[in-house]
Amino acid sequence: MPSITTWSRLEPNVRGASQQETLKARIYDPLWLLARQWQLGELQGDDNGTPVSARLRAECAELTRYLPKNSAVKPMKFDPKKVPLETFVEREAVHPQPGTLVRLRVIVEAGQHFLRLMARAPYGTKYHQGFLAAFPLPTRSEALAAGIDTEALRLLAVMSGRVPDGVMLYGKLKNTPLPTTPVIDPPDAGAFATTKDVFIRWYEALFSEPAGQAEAWSPQRMEYAFSVEAPTSPPRVLTSGYYDGELDWYDFDVKMGETLGANEDRTSGVNPLPITRTTIPAPATYRGMPASRWWEFEDASVDFGAVEADPDDLARMLLVDFAVTYGNDWFVIPVDVPVGSICTIHSLVITDTFGVRTLISPIDRSTHPASSHWRMFKNSGNADTPTNLFLAPTLKRTMESQPLDDVLFLRDEMANLAWGVERIAEGASGRPLNRRDDELARRNRNQPSTPEPSNDGALTWRLSTEVLRYWIPLIPVQIQGNQRAIRLRRGRVLRQDGSLKPQPAMSQILKPSVGPLDIFEEEIPREGARVTRSFQYARWFNGSPLLWIGRRKTVGRGEGSSGLRFDVAE
């Protein structure tokens, strides 16, 4: 016989003006509460024990090896306690080489700081003129003016004869106890040695620079690519490639079976570090979650009933179902792990209110058919990649300066070329140089005072039209003869003044350190790409300041036109 189940709805019915008695919700019959528990199926549960204690056993291995991708050098040591990964990967050499006209402001500021330190010493300004004569800045000349920008010339005009060359001064003081020129008097030798040590420490700590470290920037992909490893068992290598300046654990992929030699850095009881924690589990909560108690008013800041989900929007419906149905079934166990470590969970023992102890094995050892290879905090990798917790030694936030280099990569369909447009390039002074304004200033300086004679309407044939100096062509070339792979190689356009000199690139983005610049064709889509290079500043968790130069890639502004045409009659 079929049965019909009916339910009675219980709701307060107020006849008077006051609702005080109704809101108390008094219950005079305890059996009614038991009936409600039976009605909701609570009496059928066999897991009513609440966890009161948790004992976790784990092992954490800190990163010890680092290797830039596609690098022929050996893996180098890396200590996540000293420097974060972004700084270690991105940093470039900032201090210029002695005798070069690069970053003149750094040269000048180093010389100024040395004079300030000398003035604080007991001998005061006694040796200022001697150091100015021994380590002079270059003076302005016609040959010098042809190779550097206007701002650098103004800087040299003001500082030459007033400030010594700080880079040459550092190189001299670093290798000799006392300079030969000028000669330091014996009574002042002790005070000068103190001044010299303070200056050397200041000079070396000013920027975070690589020490014999190969660069991780890939000019072909316009991104940073590198690998790191910790002394784990079995060995595994974490690889990453990023370009937006933000790095976290999910940016790494795991490659099992490969190694960078991190097992040589294994120290028993220290790295890997065994961890045993006994703590009280805390329920996982979030704002607006449904109340776990029966007679409790819920927070109205989140309304799950107002979530709009289409029939095919399974992800949103699953999220709502999880938040409403399973929201109070999760617990949190706080465990402190070292920064820059890979943690492996060995076991978890839960003790509930009835004294029952339950051993929870890692999910990788589960034989349940519903288990899959996807995990919430698992890095991508092979099918046999274990589930670990990787706490990446990365920065939360950085301060970024105005771009030193700003290059816009775009496609020019009319000229059938791609271009690297140097909007901003680092000038000889070390400050950003607007290439468009610099080009207009050059043309105004080189423009003749008398107009060119008219050709009486006769046609003039030109081999090609003129392209601005800061437009650098990227020519498609075939890399391998037996394939159809195309890359965009940086080229050069001849100047239109008849000198047969090419227009060189000024930015470091378009000047790779080794070999030609061959960019993969897919890295410059129709919307283009924008790459900037600027100073980054941050502090690590130990409070140490970090200042380095890093690069960022973002989406471009679409296609463009250089106006390049061939066989033109004007």
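The values are calculated or read from the model by the stated rules, or taken from the named source; none is laboratory data. The structure presented is a predicted model; accordingly, all values stated were derived computationally and were not measured. Heads up, the Cβs are rebuilt from the backbone with ideal geometry, glycines too, and the neighbour counts pull from every protein chain shown.
Is at least one residue of the stretch 512-521 surrounded by 12 or more Cβ atoms within 10 Å (Cβ to Cβ), in the same structural domain as residue 408 (by TED's automatic domain parsing) and out of contact with any Leu (no Cβ under 9 Å at 6 or more places or on another chain)?
yes
If you go through the stretch 210-225 and pick out every residue that is closer than 16 Å to residue 252 by Cα and either over 16 Å from the mean Cα position of the chain (by Cα) or in a loop (DSSP other than H, G, I, E, B) (or both), you end up with 1. Suppose the filter is within 30 Å of residue 258 (Cα to Cα) and either among the small types (Gly, Ala, Ser) or under 37 Å from the mean Cα position of the chain (by Cα) (or both); does residue 168 pass it? Here the answer is no, as residue 168 does not meet what is asked. Being at pLDDT below 90, within 26 Å of residue 375 (Cβ to Cβ) and aliphatic (A, V, I, L, M) is a description that applies to residue 324.
Checked against (1) out of contact with any Ser or Thr (no Cβ under 6 Å at 6 or more places or on another chain); (2) surrounded by 10 or more Cβ atoms within 10 Å (Cβ to Cβ); (3) without any contact (Cβ under 8 Å) to a residue 24 or more places away in the chain; (4) farther than 30 Å from residue 230 by Cβ, residue 315 passes all but a single condition, namely (2). Just checking, does the stretch 447-464 include any residue being part of a strand (DSSP E or B) and either at pLDDT 85 or above or under 26 Å from residue 154 (Cα atoms) (or both)? No, the stretch 447-464 contains no residue that is part of a strand (DSSP E or B) and either at pLDDT 85 or above or under 26 Å from residue 154 (Cα atoms) (or both). Of the residues making up the stretch 398-415, those that are part of a loop (DSSP other than H, G, I, E, B) and in contact with a strand residue (DSSP E or B) (Cβ under 8 Å, 6 or more places away or on another chain) number 5.
Checked against the criteria, residue 125 does not count as in contact (Cβ under 8 Å) with a residue 60 or more places away in the chain and among the hydroxyl-bearing types (Ser, Thr, Tyr).
Can you pull out every residue in the stretch 268-291 that is without any contact (Cβ under 8 Å) to a residue 40 or more places away in the chain, of a type in the set (Ser, Thr, Tyr) and surrounded by 11 or more Cβ atoms within 10 Å (Cβ to Cβ)? 285 - this is the single residue of the stretch 268-291 that is without any contact (Cβ under 8 Å) to a residue 40 or more places away in the chain, of a type in the set (Ser, Thr, Tyr) and surrounded by 11 or more Cβ atoms within 10 Å (Cβ to Cβ). Restricting attention to the stretch 522-570 and to residues that are farther than 23 Å from residue 223 by Cβ and among the basic types (Lys, Arg), the residue that is surrounded by the fewest Cβ atoms within 10 Å (Cβ to Cβ) turns out to be 565.
Exactly one residue among 92, 59, 86 is in a strand (DSSP E or B), surrounded by 13 or more Cβ atoms within 10 Å (Cβ to Cβ) and either at pLDDT 80 or above or not charged (D, E, K, R) (or both), and that residue is 59. Between residues in the stretch 521-534 that are within 10 Å of residue 555 (Cα to Cα) and residues that are in a loop (DSSP other than H, G, I, E, B) and among the small types (Gly, Ala, Ser), which pairs lie under 7 Å by C-beta distance while being six or more apart or on different chains? Correct list of pairs: 527/556; 527/558; 528/556; 528/558; 529/556; 530/556.
Among the criteria (1) closer than 30 Å to residue 538 by Cα; (2) surrounded by fewer than 16 Cβ atoms within 10 Å (Cβ to Cβ), the one residue 185 does not fulfil is (1). Checked against the criterion of being without any contact (Cβ under 8 Å) to a residue 60 or more places away in the chain, surrounded by 12 or more Cβ atoms within 10 Å (Cβ to Cβ) and among the hydrophobic types (A, V, I, L, M, F, W, C), the stretch 294-303 contains one or more residues that satisfy it. Candidates in the stretch 503-519 are the residues that are β-branched (Val, Ile, Thr) and in contact (Cβ under 8 Å) with a residue 60 or more places away in the chain; of these, the one that is nearest to residue 417 (Cα to Cα) is 519. Taking the criterion of being under 27 Å from the mean Cα position of the chain (by Cα) and assigned to a helix (DSSP H, G or I), the residues of the stretch 256-289 that qualify are 262, 265.
Of everything in the stretch 532-570 that's more than 30 Å from residue 79 (Cβ to Cβ) and assigned to a strand (DSSP E or B), which residue is nearest to the chain's Cα centre (by Cα)? So, considering only residues that are more than 30 Å from residue 79 (Cβ to Cβ) and assigned to a strand (DSSP E or B), the one nearest to the chain's Cα centre (by Cα) is 554. Just to verify a result, which residue in the stretch 466-482, among those that are modelled with pLDDT under 80 and of a type in the set (S, T, N, Q), is farthest from residue 503 (Cα to Cα)? Taking the candidates together, the pick is 482.
Can you find even one residue in the stretch 489-499 that is among the hydrophobic types (A, V, I, L, M, F, W, C), modelled with pLDDT under 85, surrounded by 10 or more Cβ atoms within 10 Å (Cβ to Cβ) and not in a loop (DSSP other than H, G, I, E, B)? Within the stretch 489-499 (the criterion being among the hydrophobic types (A, V, I, L, M, F, W, C), modelled with pLDDT under 85, surrounded by 10 or more Cβ atoms within 10 Å (Cβ to Cβ) and not in a loop (DSSP other than H, G, I, E, B)), the answer is yes, since at least one residue qualifies. Taking the numbered list (1) among the aliphatic types (A, V, I, L, M); (2) in contact with a helix residue (DSSP H, G or I) (Cβ under 8 Å, 6 or more places away or on another chain); (3) surrounded by fewer than 18 Cβ atoms within 10 Å (Cβ to Cβ); (4) at pLDDT 90 or above in turn, residue 106 passes all entries but (3).
Here residue 358 does not fit the description of being on the phi < 0 side of the Ramachandran plot, of a type in the set (Ser, Thr, Tyr) and either in contact (Cβ under 8 Å) with a residue 60 or more places away in the chain or in a loop (DSSP other than H, G, I, E, B) (or both).
Yes/no matrix, rows are residues, columns are (1) hydroxyl-bearing (Ser, Thr, Tyr); (2) closer than 24 Å to residue 384 by Cα:
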position: 239; (1), (2): yes, yes
position: 244; (1), (2): no, no
position: 268; (1), (2): yes, no
position: 271; (1), (2): no, yes
position: 282; (1), (2): no, no
